[in-house]
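Here the structure is laid out as structure tokens; the discussion comes afterwards.
The values are calculated or read from the model by the stated rules, or taken from the named source; none is laboratory data. Everything quoted here is computed from the prediction, not taken from an experiment. Note that we place each Cβ from the backbone using ideal geometry, even for glycine, and neighbour counts take in every protein chain shown.
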Amino acid sequence: MAGAALASLVAVPAGAYALAGGEGAQGTHTAAAKPSDSAPRTSSATTSGPTRPATAGQLLDGITFAQASDGLGKCLTAERGAPSAPLGEAKDYRIVLAAKSTGGSVPGDNFHVVGVREHPAGMRVVCDIEDGVASGFSTGTSADDSPDAGPVVPDLNAGGLFQPSATDKGSWKLPFRWAVVGTVEPSVAEVSVSYGDATRQAVLDHGWFVASGVLDGHVTAAPHIKGYDSSGKLLYDSDQDKGWTRMLP
């Protein structure tokens, strides 16, 4: 059974507004290093901030890298010392996604940013920013070294990235920006995510996969995730993953 031992996501309702940047990152791949390995720093990193994502398409809806970095830094500062595991500094992270928070009931200029820690590797954080203030934060650790882990491991507790919070269930505001994240082994060359009536090709970014799109209608089925090797052989199907819920709660 493929799965991940991750902390529960803090789902923060957020306001709906016009989306920009098309359907998000798709069709671009980078070498998928095993998440447990320490990825080398690149020229896109700064001495005080996080590393850029592999593609510009992972920064969605007009959110700049500077805004995403600032948001991640605010959340780490606000939460530092609260968890049992040290969070580290912004420079220890790679940003893999930044997108507007949509579909909820709270108005304002809201977005979330997903960062994955590289030094040491294995931790991911989801950070919510409402009108410039850190208002929601969750952490999780990958379980890719588990003998039960498959070649693709969706973030089982990041449901807040592809559905509104429980308080907004049944009253989604459209269009709704969704995203799915998780980890991949080096054998995985392609990940596709189908949600609603569209299928998106995920970006593979240093051992993580990121897919995003926009829903124009309500859905009841959860995202359907598939992973393939370089020859096109199916390596993972979320329909066969007992840890992945096929229907939305």
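Against the conditions (1) assigned to a strand (DSSP E or B); (2) modelled with pLDDT of 85 or more; (3) under 15 Å from the mean Cα position of the chain (by Cα), GLY140 satisfies every one except (2). Of the listed requirements (1) modelled with pLDDT under 85; (2) in a strand (DSSP E or B); (3) surrounded by 23 or more Cβ atoms within 10 Å (Cβ to Cβ), SER135 misses just one: (3).
Surrounded by fewer than 20 Cβ atoms within 10 Å (Cβ to Cβ), at pLDDT 90 or above and either under 19 Å from the mean Cα position of the chain (by Cα) or of a type in the set (A, V, I, L, M, F, W, C) (or both) - does that describe any residue in the stretch 103-110? Spell out the reasoning first.
To start, the set of residues in the stretch 103-110 that are surrounded by fewer than 20 Cβ atoms within 10 Å (Cβ to Cβ) comprises 105-109.
Among the residues that remain, those that are also at pLDDT 90 or above are: none.
Looking for residues that are surrounded by fewer than 20 Cβ atoms within 10 Å (Cβ to Cβ), at pLDDT 90 or above and either under 19 Å from the mean Cα position of the chain (by Cα) or of a type in the set (A, V, I, L, M, F, W, C) (or both), one finds none in the stretch 103-110, hence no.
So which of GLY170, GLY232, GLY217 ends up being exposed (fewer than 15 other Cβ atoms within 10 Å of the Cβ), at pLDDT below 90, out of contact with any Ser or Thr (no Cβ under 8 Å at 6 or more places or on another chain) and on the phi > 0 side of the Ramachandran plot? Let's see the steps before the verdict.
Values: GLY232 fails: at pLDDT below 90; GLY217 fails: on the phi > 0 side of the Ramachandran plot.
Going through GLY170, GLY232, GLY217 in turn, just one is exposed (fewer than 15 other Cβ atoms within 10 Å of the Cβ), at pLDDT below 90, out of contact with any Ser or Thr (no Cβ under 8 Å at 6 or more places or on another chain) and on the phi > 0 side of the Ramachandran plot: GLY170.
Look at VAL210 and say whether it is buried (at least 20 other Cβ atoms within 10 Å of the Cβ), part of a strand (DSSP E or B), at pLDDT below 95 and not small (Gly, Ala, Ser). So VAL210 fails the test.
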